[in-house]
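The values are calculated or read from the model by the stated rules, or taken from the named source; none is laboratory data. On a predicted model such as this, the values are computed, not experimentally measured, just so you know. Using ideal geometry, Cβ is built from the backbone for each residue, glycine included, and neighbour counts are taken over all protein chains shown. Accessible surface areas use protein heavy atoms only, side chains included; no ligands, DNA or RNA. Shrake-Rupley method; radii C 1.70, N 1.55, O 1.52, S 1.80 Å.
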Amino acid sequence: MKSLRAASAGSRIPLAVQLFLPSSASGVLCTLGGMALVTTHVLLVTIHQGTLFPQVVDGQWAIAYTNAIVGPISALFGSRALNIGITALLWGVVGALLYEVISIGLRTLYEWREEEHNVRIGADYNVIRHPLRRNFIARALWHM
């Protein structure tokens, strides 16, 4: 199949395989994102437990870690203004998602009705449907 071959002449990897191979930028971003998630998890666990490794960091290190890291993060997450802002942001995201779902549903319904009337009358007065009518469901799902 020529459509599944790579467009560049120098590449011998089929296009279908290239779709699932990560680029170098996405690899770096996924690695950094994973490191950020692990760091955030460790910080959140230390907030609830005081220090994560009390056997390793005891004495002055534990006190300094609690005062410099755990204390400010606890104060930040305990802030009423921050919690109100995060709640408003989450409701905004929920509203935007709801708007998108309604918009996609209405657009699909409009296209469905338009597809029913997209006909041509032939020379023998027979109705000829548009050739892409069979692909409407696949196109509608692709737009979602």
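Some observations on this one:
- When SER23 is tested against (1) at pLDDT 75 or above; (2) closer than 30 Å to ILE73 by Cβ, only condition (2) is not met.
- Every pair of residues 6+ apart whose Cβ atoms lie under 7 Å, when the first sits in region 81-95 and is without any contact (Cβ under 8 Å) to a residue 24 or more places away in the chain while the second is among the hydrophobic types (A, V, I, L, M, F, W, C) and in a helix (DSSP H, G or I): LEU82/LEU76
- Verdict on VAL45 being out of contact with any helix residue (DSSP H, G or I) (no Cβ under 8 Å at 6 or more places or on another chain) and at pLDDT 80 or above: no
- Looking across region 55-68 at every residue that is open to solvent by less than 70 Å² (accessible area, probe 1.4 Å) and modelled with pLDDT under 70, the one that is farthest from the chain's Cα centre (by Cα) is identified as GLY59.
- Region 83-136, subset at pLDDT below 85 and polar (S, T, N, Q), residue surrounded by the most Cβ atoms within 10 Å (Cβ to Cβ): THR108
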